[in-house]
Amino acid sequence: MAAFFLLAPLAVYPVFLMKAMCFALFACAFNLLIGFGGLLSFGHAMFLGTAGYAAAHAAKVWAFPPEFAILFGTAAAAGLGLVTGLLAIRRQGIYFAMITLALSQMVYFFYLQAAFTHGEDGIQAVPRGTLFGFIDLANVWAMYFTVFTIFLAGFVLIYRVIHSPFGQVLKAIRENEQRAISLGYDINRYKLLAYVLSATLAGLAGATKALVFQLASLTDAHWSMSGEVVLMTLLGGLGTVFGPVAGAFIIISLETYLAQLGAWVTIVQGIIFVICVLTFRRGVIGELGNWLKKPL
Amino acid sequence: MTEIFGVPTQALFGQLLIGLINGSFYALLSLGLAVIFGLLNIINFTHGAQYMMGAFVAYLLANKAGMGYWWSLAIVPLAVGVTGVVIERLMLSRLYKLDHLYGLLLTFGLALIIQGLFRNEYGTSGLPYSMPEQLSGGRNLGFMFLPNYRAWVIVASLVTCIVTWFVIERTKLGSYLRAATENPALVQAFGINVPRMITLTYGFGVALAALAGVMAAPIYQVSPQMGADLIIVVFAVVVIGGMGSIMGSILTGFGLGLVEGLTKVFYPEASNTVIFVIMAIVLMIKPAGLFGTQK
């Protein structure tokens, strides 16, 4: 996978690939929560949007250098994750999904009215700045490899979390919560930690995306963005490691290359959703892993 | 012009009326959601799209078939209810053995498809629907001016909600439904056709959404987007009222509509978010919802 992303920009438009990587990180963060934690959060857009706005504001208004802007955006998303997590973890399953959805809608309406976000216009012309003082990010290649490094770092972090004792306990909680409690694990702390981790990495994706496109807008905080990340993860394969990356890539390609068809993109996304839920539940990578007889 | 709390009475009661109307739509829609969730344990994300379909079918009946509002009130819920039955038979019934979240995802996908199709056909700007002549005009009540159609909406939704509540909570059919919610296998062993009941319940919930859509057509513009943002607020209403409770959704629907109306008078910037803030508070104090029981 690393080789693919290293070589791909020679053939494909780099900004498209950067967008795909940001959404892939977003989907991987989401998958950490649902694939391994068993918690469907329908409000992940609030982390993407919050981090985007925070990073854009820091870079543009406070003139932070890009590494600090991204860190600030990620920290903002982590903070929001902690607050909303404390509220949402109390319930499970469908209730959890609805609560996260409503909380994300509350955050969306706040951003719609807050002065610093400029409402529908968004924060535009966010400067990319110079990384560490000497790498000028206006150069597409510099930006590309920065985004690639961030994506790889986030992905490796998620991989390590999944294959750690913490990840195993998370899977145990997903499979049988009562038994995990009886074994003595404090499940609320584990779930909250997974939630905040997922929020932080989603924030990392959002902050990076704001710098790539030099724009932070309301679409990133709208609930349809939450629906999109669910679609990407579902299509790629819930609970697989590479699934969200593949799913994000497919959906972003769909959106980019079918954009002239207008409303048909929504219809196609809906059809993919329906087909995946009814017959294709393992997702692309899941089916591939099943065929190859090894977990992917 | 008299003033209450520094707000003119006309403005206050005008906003309360709008709040009550919003509340009647919230109540009708959350009633449909609560009925569907109570029996099928599925969050029907398509509810907003079915509400929109109701309004559109009414619009099409008026423009293509020349049938007026009263015909639509009778035909549209049946027509959209039938589509609901088809969806349930073909798709939802396969998901009952799985995690309930798949039902949410399926209905979300269906909502995307339906909304996309209508947006493709009709664009995003609204289409007009004329009010029936028997209900147009209004009467002056002294402290405010009451449009007749608004009064009709409030009365009709109250009646529908109470009739539905009565059927579910006080009749034999309702008791079969409630028994099937608790233990479908046992109820089926007694000889009651549970799958057919489930299908018809889903159809009924969808019909309620379509009825709300027809009633909304003359007041709100008929547009493909009309269900999309409304449905999230209705979810919050259902969570506050308690997910399986019928009376809970009716009362919270009307109540929250009033609260939203009041907020618009005194602190308009918060009117969008006040329902979600209330939801957060209710979840901290009573996670099962105001009228719900811990499952």
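Computed quantities for the displayed model
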read-out: Residue in region A:81-93 that is closer than 20 Å to residue A:227 by Cβ and within 18 Å of the chain's Cα centre (by Cα) present; value: yes
read-out: Qualifying positions in region B:212-253 - out of contact with any helix residue (DSSP H, G or I) (no Cβ under 7 Å at 6 or more places or on another chain), within 14 Å of chain A (Cβ to nearest Cβ) and not in a helix (DSSP H, G or I); value: B:223, B:225
read-out: Out of B:61, B:16, B:39, B:20, sole residue that is touching a Ser or Thr at 6+ places or on another chain (Cβ under 8 Å), assigned to a helix (DSSP H, G or I) and touching a residue at least 24 places away in the same chain (Cβ under 8 Å); value: B:39
read-out: Single residue of A:206, A:184, A:239 found to be away from chain B (no Cβ under 14 Å), under 21 Å from residue A:155 (Cβ atoms) and not hydrophobic (A, V, I, L, M, F, W, C); value: A:206
read-out: Contacts under 8 angstrom Cβ, first residue in region B:265-287 being free of Cβ contacts under 8 Å to residues at least 60 places away in the same chain and facing another protein chain (nearest Cβ under 9 Å), partner outside any helix (DSSP H, G or I) and surrounded by fewer than 20 Cβ atoms within 10 Å (Cβ to Cβ), 6 or more apart; value: B:283/A:90; B:283/A:91; B:287/A:90; B:287/A:91; B:287/B:294
read-out: Criterion: under 19 Å from the mean Cα position of the chain (by Cα) and at pLDDT 85 or above - qualifying residue of A:102, A:51; value: A:51
read-out: Filtered residues of region A:256-271 (kept if in contact (Cβ under 8 Å) with a residue 12 or more places away in the chain and within 9 Å of another protein chain (Cβ to nearest Cβ)); value: A:268, A:269
read-out: Condition broken by residue A:274, with the remaining ones in (1) surrounded by fewer than 24 Cβ atoms within 10 Å (Cβ to Cβ); (2) more than 8 Å from chain B (Cβ to nearest Cβ); (3) assigned to a helix (DSSP H, G or I); (4) in contact with a Gly (Cβ under 6 Å, 6 or more places away or on another chain) satisfied; value: (2)
read-out: Flag if residue B:29 is surrounded by fewer than 24 Cβ atoms within 10 Å (Cβ to Cβ), in contact (Cβ under 8 Å) with a residue 24 or more places away in the chain and aliphatic (A, V, I, L, M); value: no
read-out: Which listed residue, of A:39, A:32, A:71, A:82, is more than 20 Å from residue B:233 (Cα to Cα), hydrophobic (A, V, I, L, M, F, W, C) and at pLDDT below 90; value: A:39
read-out: First in region B:137-163 and at positive phi, second anywhere and of a type outside the set (D, E, K, R) and in a helix (DSSP H, G or I), Cβ under 6 Å, 6 or more apart; value: B:137/B:148
read-out: Odd one out for residue B:256 among (1) within 8 Å of chain A (Cβ to nearest Cβ); (2) at pLDDT 80 or above; value: (1)
read-out: Residues of region A:109-129 satisfying the condition of being aromatic (Phe, Trp, Tyr) and within 9 Å of another protein chain (Cβ to nearest Cβ); value: A:109, A:110
read-out: Only listed residue being buried (at least 23 other Cβ atoms within 10 Å of the Cβ) and farther than 16 Å from residue B:213 by Cα, chosen from B:92, B:98; value: B:92
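Condition check ((1) closer than 24 Å to residue B:229 by Cβ; (2) in contact with a strand residue (DSSP E or B) (Cβ under 9 Å, 6 or more places away or on another chain); (3) without any contact (Cβ under 8 Å) to a residue 24 or more places away in the chain; (4) away from chain B (no Cβ under 11 Å)) across all residues:
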position	(1), (2), (3), (4)
A:44	yes, no, no, yes
A:48	yes, no, no, yes
A:55	no, yes, no, yes
A:68	no, no, yes, yes
A:75	no, no, no, yes
A:87	yes, no, yes, no
A:97	yes, no, no, no
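The values are calculated or read from the model by the stated rules, or taken from the named source; none is laboratory data. In this text the structure is predicted, and so the values were computed from the model without any measurement. Positions of Cβ are generated from backbone atoms using ideal geometry, with glycine treated the same way; all protein chains shown enter the neighbour counts.
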